[in-house]
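> Below: one structure in structure tokens.
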Amino acid sequence: MRYLLSSLLLSSTLAVAQTETWTPDIEAWNSQKPPQPDAVVFRNATVWSATDKGILDNTDVLIRRGEIAAVGPDLSAPSDALEIDGSGHHLTPGIVDNHSHAAILGGVNEASRISTADVRIRDVIDSESINIYRQLAGGVTTINLLHGSANAIGGQMATIKLRWGAPPDELVFDEARPGIKFALGENPKQSNWRPAEPRYPQTRPGVAQVIREKFQQAADYQADLDDAPTGRAARTQVPPRPNHEMDAIARILNGELDVHSHAYRADEILALMRTAESFGFRIRTIQHVLEGYKIASQMAKHGVGGSTFIDWWNFKAEATDAIGYNPAIMHQAGVLTALHSDNPELARRMNLDAAKAVRYGGVDPHEALKMITAYSADQIGAGHAIGRITEGHDADVVLWDGHPLSAFSKVQQTWVDGRRYFDRQADQRMQQAIAEERQALIARALDEGGSSSDEAQASEEATPGHQHTFNFARHLTGYRPSELDHDEYCVFHAN
Amino acid sequence: MMNTVFSMPTKRAAQQLMGAVMLILPSAAAWAQVTVLQNATVHPISAPAIEQAQVVMADGKIVDVGVDLDVPADATVIDLTGHHLYPGFVHPATQLGLTEISSVAGTVDTREMGQINAALNVEVAVNHDSELLPASIAGGILTAHIIPGGGLIQGHSAVMNLDGWSWEEMLIASQAGQHIAFPPGAVDDEDNEDLSRINSVLDQARHWHQADAAASAGNGERPPRNDQLQALGPLLAGETPLMLHANRYDVMEAALDWADTQGFDNVVLVATPDVQHIASRLADADIPVILKNVYALPMRRHDGYDASFKAPRVLAEAGVKFAIADATRGMDVANARNLPFQAGSAVAHGLDPDIAMKAVTLWPAEILGVGDQLGSLEPGKRATLFAANGHPLEPMTQITHVWIDGARYALSDVKARRLYDRYRQRHPGDESP
């Protein structure tokens with residue numbers, strides 16, 4: 001017993017020491033899981049709780065074994081706790097980005113059929129995506145990986161925590177509710193490209209129709225399943241033919257799978273809500289929801305959340321009325337409002353999009369922060385576990401060197417499950433090591449009579465050779481295609 | 001007419017009426033000989049901030065900046081207690097006015113086909129009623145360098161006011177630069193086809209202008225007209241700067257070597273954050289930089305996460321003069337208004353905040369050759385400025401007043417603001433019926 005106690009104490013002390021020296025690697029497969037100290041305490045930070053307690057000055061936060069154990073002034077902590085001086089710093093919940101395509105292998109859209117409800121992002125998570133590490137460096141701890149918007153029913157989403165170095169199945173975050181991506185408007189109706197063989201529908205009424213028909217079919221399918229004889233009677237009858245697409249859509253009707261629908265315009269958002277109501281369920285969120293402010297009261301009444309870009313606009317005809325004031329109006333009208341990135345670069349500075357909710361319409365800064373933490377977690381049904389700094393929540397927190405909505409601030413540390421996955425100092429150590437290794441390799445290549453041009457190969461790689469790559473990213477080098485992938489039907493670049 | 005407006009209590013009529021009132025405001029300001037903005041914290045950029053100060057404007061120009069200034073008794077006085085005054089942001093490279101809805105081809109004039117487009121002048125296609133212009137102005141972007149975008153030799157850019165009744169009225173400087181996209185393939189290939197093409201066109205242009213000059217002096221026949229070759233005259237004469245575009249540092253170095261051999265000494269490098277790797281060379285050669293996009297993914301997968309964020313600091317520490325831009329095209333055109341936040345994020349990664357401000361005001365004005373007119377609050381410069389309730393590189397800050405050439409701009413008339421005012425009344429929240 002004494003041996004057990006002392007070894008526990010030793011391992012906990014060891015975890016504290018290892019946290020101090022842990023250094024990440026640029027490759028996930030080679031990056032070690034950061035240790036999880038038994039106790040961590042942040043001292044005297046300005047804590048943005050994202051709860052009704054508001055912003056707490058000079059406050060301590062105690063973490064025990066990956067969970068937030070206490071929040072308050074002058075907390076007592078175990079003697080072997082890792083103490084982090086938070087004075088002059090701000091502590092916020094980890095950012096939850098509920099619209100991301102940043103770690104999906106093999107393409108974001110399965111655009112072959114108008115409904116591909118049967119396909120699952122969970123099967124193609126790219127745990128090696130450098131975006132995971134880069135977004136940790138921006139304070140993001142959880143991302144919701146969604147299909148693109150090429151078809152009306154795109155497929156089933158996967159919510160992951162950014163545990164850099166863990167394999168795909170260990171990234172999946174099952175506290176979030178399962179969900180499925182829908183899409184309305186220009187993309188499912190194929191407005192902006194000319195497919196060799198057009199697919200029904202080509203209009204917004206057609207999109208509304210096809211969705212209604214899918215629900216009808218799924219309801220009938222479910223009824224057939226329910227009515228199928230069991231036991232002895234089943235021996236003489238052929239059971240209903242299994243259909244994975246209908247299984248998924250029936251789960252929507254049964255309330256097991258939440259609908260998160262890409263939509264811009266007020267008309268189509270209303271139409272989808274009414275269709276859902278006629279089948280007795282509610283849409284969970286509208287994604288992008290650029291004209292949500294025009295029907296905010298109706299959205300609040302339906303109970304649908306709005307997850308929006310703060311200021312992207314005018315890139316398509318259906319985006320001409322997008323305004324930065326959208327979150328302010330939706331929030332004021334009682335809509336559960338969140339902000340998302342939809343873009344692996346933007347995801348690294350979500351805090352500044354929250355800041356723009358203050359700029360446009362004067363949203364209270366703490367409420368604005370909730371739009372990228374508590375409220376975005378609530379939208380994916382994970383608000384009981386993440387998105388707030390409160391007892392019992394996962395210890396997913398971010399330490400900033402200034403006001404978290406300030407452009408002048410940056411992330412110093414990002415913790416997931418009580419493990420420090422990003423640390424600015426550790427990152428600088430890693431960068432230094434990479435630079436030294438690089439110099440050594442170049443020197444060796446020169447010794448062996450090679451060329452000093454380390455970019456010789458780069459020009460070959462300049463185009464990652466993937467049709468879905470961001471146009472503006474064409475000169476980027478060394479990336480894997482999935483790391484630059486995006487919803488190619490959502491974003492149009494004139495150049 | 002007024003009767004009609006008042007007797008129609010429709011939403012549209014109310015809007016028209018509002019619009020009419022807004023139109024009167026700027027002209028009322030223009031009638032007054034002198035306008036005094038007072039009790040603001042004035043940030044001249046060219047000098048330290050002054051508390052409780054005044055800016056005096058007349059005839060579209062700044063007359064004086066300071067404390068306890070003499071002003072005429074009939075001057076229009078605007079009290080800006082609690083506000084900060086800054087010169088308008090100068091966007092150093094954008095395609096504002098050339099594109100409206102990027103997915104609708106008919107609204108896009110950003111990229112000409114072909115490789116030799118030297119004779120293009122972008123200002124003639126700037127749509128002065130583009131909805132993107134008021135949105136940019138509301139973000140404090142009051143002046144912009146509008147650039148072309150297609151081919152190897154891309155054409156002439158122009159510096160423009162973002163407000164005006166036609167592109168002619170908006171124009172501040174035409175032929176602000178001749179743009180050449182340096183071909184990346186020329187880095188390690190002496191016979192690169194694209195670079196040979198550029199060289200050959202430049203040689204033809206030199207010969208054409210020699211022949212033309214000879215003809216003018218009475219020594220021979222005038223060469224046949226050639227719009228492209230003629231348009232290269234100002235570049236070859238050193239009157240128009242060469243704006244050299246390159247995306248990777250080795251391409252930038254090759255581009256600068258090439259510019260040397262071509263004898264171009266009036267060069268501006270339009271470059272990605274990779275430019276940080278050649279900062280000392282640029283400082284030594286005194287070559288200014290238009291930095292495309294602090295908000296960029298790192299150039300190489302193995303680069304640090306902060307590689308783009310820290311580029312402005314590296315340039316500043318080396319002594320390079322630079323202007324911060326966005327991606328200059330694509331989705332960033334509609335969001336040109338986010339330019340100042342890129343400078344703000346550079347501050348988080350070590351850039352001095354005063355230099356960050358210069359990099360979006362005075363330095364772009366100087367690099368674009370309009371530093372005598374714009375970029376700082378100094379007597380004699382254009383009265384193109386804005387008031388804000390906080391630091392303008394912070395996304396939380398609100399821009400409250402704008403003047404362009406001394407005329408007050410009606411921010412409440414910007415489309416997003418109109419929609420906001422209309423729909424927030426419609427969806428007031430708990431008080432709604």
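> If we restrict to alpha carbons, what Rg and Dmax does chain B come to, in Å?
23.6, 86
> Rounded to whole Hz and in sequence order, give me ³J(HN,Hα) for region A:144-155 from the Karplus expression 6.51 cos²θ - 1.76 cosθ + 1.60, θ = phi - 60°, writing x for Gly and Pro.
Working through the residues one at a time gives 9, 8, 10, 5, x, 10, 6, 9, 5, 10, x, x Hz.
> A further question on this structure: Once you compute Rg and the Kirkwood Rh from C-alpha atoms, what is the Rg to Rh ratio for region A:204-320? If you can, show how the numbers build up before the last one.
Numbers: Rg = 17.9 Å, Rh = 16.0 Å.
Checking Rg against Rh, the ratio lands at 1.12.
> Another question about this same structure. In region A:77-126, what trypsin sites (Lys or Arg not before Pro) fall in a loop by DSSP, with at most 16 other Cβ atoms inside 10 Å? Each step should come with its number before you reach the end.
Values: sites: A:113, A:120, A:122; in loops: A:113.
Answer by residue number: A:113.
> Would you please give the FRET efficiency between residue B:196 and residue A:437, computed as 1/(1 + (r/R0)^6) with r the Cβ-Cβ distance and R0 = 45 Å, to the nearest 0.05?
The value I calculate is 0.70.
> While we're on this one: Could you work out the Rg to Rh ratio of region B:371-433, with Rh taken as the Kirkwood radius (inverse of the mean 1/r over all Cα pairs)?
1.16
> Which whole number gives the average, over all residues in A:399-410, of C-beta atoms from other chains lying within 10 Å of the residue C-beta? Don't skip to the end; give the middle numbers.
Numbers: counts 0, 1, 1, 1, 2, 0, 3, 9, 16, 12, 4, 7.
The shielding value for this peptide is 5.
> List the residue ranges in chain B for DSSP H helices whose C-alpha atoms run 30 angstrom or more along the long axis and whose Kyte-Doolittle average is -1.0 or above.
Details: long enough: B:11-31 (31 Å, 0.74); B:193-216 (34 Å, -0.75).
TM-like helix candidates: B:11-31, B:193-216.
> Separate question: State which helices in chain A qualify, where a helix is a whole DSSP H run, it must extend 27 Å or more along its own axis by its Cα atoms, and its mean Kyte-Doolittle hydropathy must be at least -1.0. Numbers along the way, then the final one.
Details: long enough: A:2-21 (28 Å, 0.63); A:204-227 (35 Å, -0.88); A:424-447 (34 Å, -0.84).
Within chain A the helices that satisfy the rule are A:2-21, A:204-227, A:424-447.
> Quick one: if you stick a label point 7 Å off each Cα along the C-beta vector at residue B:79 and residue A:33, how many nm between them?
6.5 nm
> Calculate the spin-label point distance for residue A:193 paired with residue A:217, positioning each point 7 Å from the Cα along the beta-carbon direction, and give it in nanometres.
Result for the modelled spin labels: 2.3 nm.
> Taking the Cβ of residue A:225 as the centre, find all other residues whose Cβ is under 11 Å away and add up their charges (Lys, Arg: +1; Asp, Glu: -1).
On the way: positive: A:241; negative: A:220, A:224, A:226, A:227, A:247.
Result for the neighbourhood of residue A:225: -4.
> Still on this structure, I have one more. Rounded to the nearest Å, what's the spacing between the alpha carbon centres of region B:131-198 and region A:247-308? Just the number, please.
43 Å
> Between residue A:25 and residue A:76, what is the label-point separation in nm under the 7 Å Cα-to-beta-carbon projection?
In this crude label model, residue A:76 to residue A:25 measures out at 4.3 nm.
> So which lysines can residue A:410 reach, going by Cα to Cα under 23 Å and dropping same-chain residues fewer than 8 places off?
A:161, A:356, A:370, B:292, B:310, B:358
> What list of whole percents do you get for P(r) of region B:132-287, with Cα-Cα distances grouped in 10 Å bins up to the one holding the largest distance?
Spelled out bin by bin, region B:132-287 gives 10, 32, 32, 20, 6, 0 percent.
> Please work out the FRET efficiency for the pair residue B:222 and residue A:112, using the Cβ-Cβ distance as r and a Förster radius of 41 Å; give the result to the nearest 0.05. Before the final figure, lay out the partial values.
Working: r = 63 Å, r/R0 = 1.53.
Result of the calculation: an efficiency of 0.05.
> Viscosity 0.692 mPa s, temperature 37 °C: give me the Stokes-Einstein translational D for chain A in µm²/s, with Rh taken as the Kirkwood radius over C-alpha pairs.
On the way: Rh = 24.1 Å.
For these conditions, the coefficient is 136 µm²/s.
> I need the per residue convex hull volume for the protein assembly as shown, using only the alpha carbons, in cubic angstrom as a whole number. Don't jump to the answer; show the numbers that get you there.
Values: hull volume 209.8 nm³, N = 928.
Per residue, the Cα convex hull of the protein assembly as shown comes to 226 Å³.
> Please compute the net charge surrounding residue A:363, taking Lys and Arg as +1 and Asp and Glu as -1 over other residues with Cβ under 10 Å from its Cβ.
On the way: positive: A:356, A:359, A:370; negative: A:364, A:367.
Spelling it out: positives minus negatives among the neighbours equals +1.
> What does the charge add up to near residue B:271, with Lys and Arg as +1, Asp and Glu as -1, over the other residues with Cβ less than 14 Å from its Cβ?
Details: positive: B:248, B:281, B:292, B:321; negative: B:250, B:253, B:274, B:326.
It works out to a net charge of 0.
> Can you work out the FRET efficiency for the pair residue B:266 and residue A:55, with r the C-beta to C-beta distance and R0 = 51 Å, to the nearest 0.05? Numbers along the way, then the final one.
Values: r = 52 Å, r/R0 = 1.03.
With R0 = 51 Å, the Cβ-Cβ based efficiency is 0.45.
> Please work out how much length the chain gains when fully extended from residue A:232 to residue A:65, using 0.36 nm per residue of separation minus the C-alpha to C-alpha distance, in nm with one decimal. Please list the in-between numbers first.
Values: separation 167, 0.36 × 167 = 60.12 nm, distance 5.21 nm.
Using 0.36 nm per residue and subtracting the Cα-Cα distance, I get 54.9 nm.
Read-outs: derived from the displayed coordinates by stated rules, not from any lab. Quantities reported herein were computed from a predicted structural model and do not represent experimental measurements. Virtual Cβ from ideal backbone geometry, glycine too; neighbours counted across all protein chains shown.
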